[in-house]
1. Please give the Cα centre distance for the stretch 408-469 versus the stretch 570-628, rounded to the nearest Å.
2. Can you pull the Kirkwood radius for the stretch 99-187, inverse mean 1/r over Cα pairs, to one decimal in Å?
3. In the structure displayed, which of K58/K221; K34/K383; K184/K383; K128/K221 lie more than 29 Å apart, Cα to Cα?
4. Could you tell me the relative contact order of the chain? Use alpha-carbon pairs under 8 Å, at least six residues apart, and round to a whole percent.
5. Per-residue HN-Hα couplings for the stretch 514-526, Karplus 6.51 cos²θ - 1.76 cosθ + 1.60 at θ = phi - 60°, whole Hz, x for Gly and Pro?
6. Got the relative contact order for the stretch 375-480 handy, in percent, Cα pairs under 8 Å and 6 or more residues apart?
7. What percentages, rounded to whole numbers, describe P(r) for the stretch 145-270 computed over all alpha carbon pairs with 5 Å bin width beginning at zero?
8. What percent does the relative contact order of the stretch 161-309 come to when contacts are Cα pairs within less than 8 Å and at least six residues apart?
Amino acid sequence: MKPLGTLPFAALLFASPAWAGGVEAGGTWTAYDKGQAELPPMGWNSWNAFYHDVDEEKVLASAQIIVDNGLAAKGYRYINIDDGWWLRRSQPDGRMVIRTATFPSAVAESGRTSFRPLTDRLHAMGLKAGIYSDIGRNSCGQTFGHGAANNPAGTREEREVGLFGHIDEDIALYFEDWGFDYIKVDGCGIRGMGVDNPNVAAGTYREFEPLIDFDSIARTKVSEVRALYQKVAEALERSNPDGDFIFSICLWGAADVRSWAHEVGNISRTSEDIGPQWGRMLHNLDSAARRALYAQPGSWNDPDMLFVGTGDFDRDHLVEARSHFSLWAMLNAPLIIGYDLRKATPELMAILGNERVIGLNQDPAGNQAVLAFDTDDLQIYVKTLADGSKAVALFNRTAAPLDATLTAAHLKFAEDASVRMVDLWSGASSSFTREHALVLGPRETRLFRTSGTRQLADGLYLSEMPGSVNVAEDGIVHLEADPSIHRAEIAWQGTRGGGEPPRYAGWGGARADRAPYGQHLRIAGQPFASGIGILANSRLEVRNTGFGRFASEVGVDDSATDASQRVRFELYGDGKLVAQSDWLAFGRQAQPLHAELRGQTILELVVRTAGPSERPVPVVWGNAALLR
Ligand code: GLA
């Protein structure tokens, strides 16, 4: 190791304690921009419809219905095969073998199997094709013992069908030879193949010392997990020089994936599997709902695939089905149908095919909805659209009717001017001034597209444009589970065991219009309805598409519990410091911070503490906005 004296200045900075590291301005946009995820992916996946019982006929039937019913023309393009397709990894060449009993077109003359005939057919239908793998040696079915009939067969080595040790060959096979366009990479093989797995103990599968402990971030090897997924991204980029791929990271919110997936892949699961139960839908919704700043074109939050059509969202529960679909659209979640479309009624098809709702999800600005009102019972989500209008969802989470009042302020519209609304489910138009009362039926979501007079006439608050903000460093040092997520019974466990603990490290992440721990934004008693709440020792990247000025009022948030820390706010344009605040202490009034922008395209908002802090320091970029 070099003696400290010979290290360059930058290295010294990097070697200093965590409170100073990671917040140096780089002048670039670091979120993932490879692949084909400029908009949230749309399509169909076999899992929620068929679980392991997937076959070629089912896949093609669904694809045909998607084309014939006009869903393909509305954007549903990816037809994805999930767990259950593999037979074995042949030895000694290591080439993957397809289960031809269920995918007969995969029988190739060479004696080897190939998905090329199937992907050719899908491509000829104008669709794209997706495949599934695991980052470990074994699959989820093998790890958790489900899907026995379609789990891989053969010797122990032949049954090692996951990517571990085979990333480059498998990705080349799936994308170059077999012609896939999308891959979902699960993580069961690095989570559940420890010595305590009975099948490992019995010698059926090789032990893999877990890199992920779903219930303990301290026992999870975050950087090793990230490095494996990073290798997949690199292999995908090599195998797809035209960039025609989607990389779906499936780590169920574990391994602090929130903090890194946006640099590694196109979509990333934020929670455990969704189920066709209302409570599980709420759970998955909540896992993404407060993370608007962690999604942007190229890398989206994935609260899991749709369950429209099944269980609590079936043909007899169209209110619930519409709520589920409305909310996924508002969150910019991938719209991946998980239903046997051969059984779909016209009413269910009309939900999946509602172009007004799809249009929210596919809006080019890429802004995930932000919570304008948030309680356990009722929520109001607002999404700023590319044309400046706002979509709003008023969501009744409960099984009883609720009164709701939508205000112009929720929409950041002027209170004295008319707000026009179109109901995206009924098509009805209406308008109101100041506020509008409505009654939400049990589990109902009312969804509107609205236009009005903007409070901020000459620009956009950063909290209105989360799709142009990348949380490069959110300042979280102590990883804590998120306590704000609805904990519902998991169907396959029922009430056995002790119930659901808080999960998903990342509590205290950056928030639009809220403080990191959910309080309203406030500096020395002064409330801010608009702004970014974030912990100190953080760095945000903001894309500037032609604005001339940045303005904000900054300070320590009143929710800080360590009042001794001083913080400094710094604004960089294309890597150069353009403005900075004084060193500000808790209780000091908000200080204006603004700068003229001279064509800079990447702004960086850095906050640092003067020294190491025992507790995280929540700070406010109050009214932070880009102005013309
Ligand atoms: C995991 C994933 C699911 C599905 C199954 C397949 O549970 O989270 O989405 O892919 O594996 O076994």
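Each reported figure results from applying straightforward, stated rules to the coordinates on display, with no laboratory input. This is a predicted model, so every value here is computed, not measured. Note that each Cβ is placed from the backbone with ideal geometry, even for glycine, and that neighbours are counted across all protein chains shown.
1. 29
2. Details: mean 1/r = 0.0713 Å⁻¹.
Every distinct Cα pair counted, the radius reaches 14.0 Å.
3. Numbers: K58/K221 38 Å; K34/K383 25 Å; K184/K383 27 Å; K128/K221 34 Å.
Correct reply: K58/K221; K128/K221.
4. Working: 1572 pairs, mean separation 80.7, N = 628.
Reported as a whole number, the value is 13 percent.
5. Result, ordered by residue: 9, 7, x, 9, x, 6, 6, 5, 7, 10, 6, x, 8 Hz.
6. Values: 189 pairs, mean separation 30.6, N = 106.
Result for the stretch 375-480 is 29 percent.
7. 2, 10, 19, 21, 19, 16, 10, 3, 0, 0
8. 19
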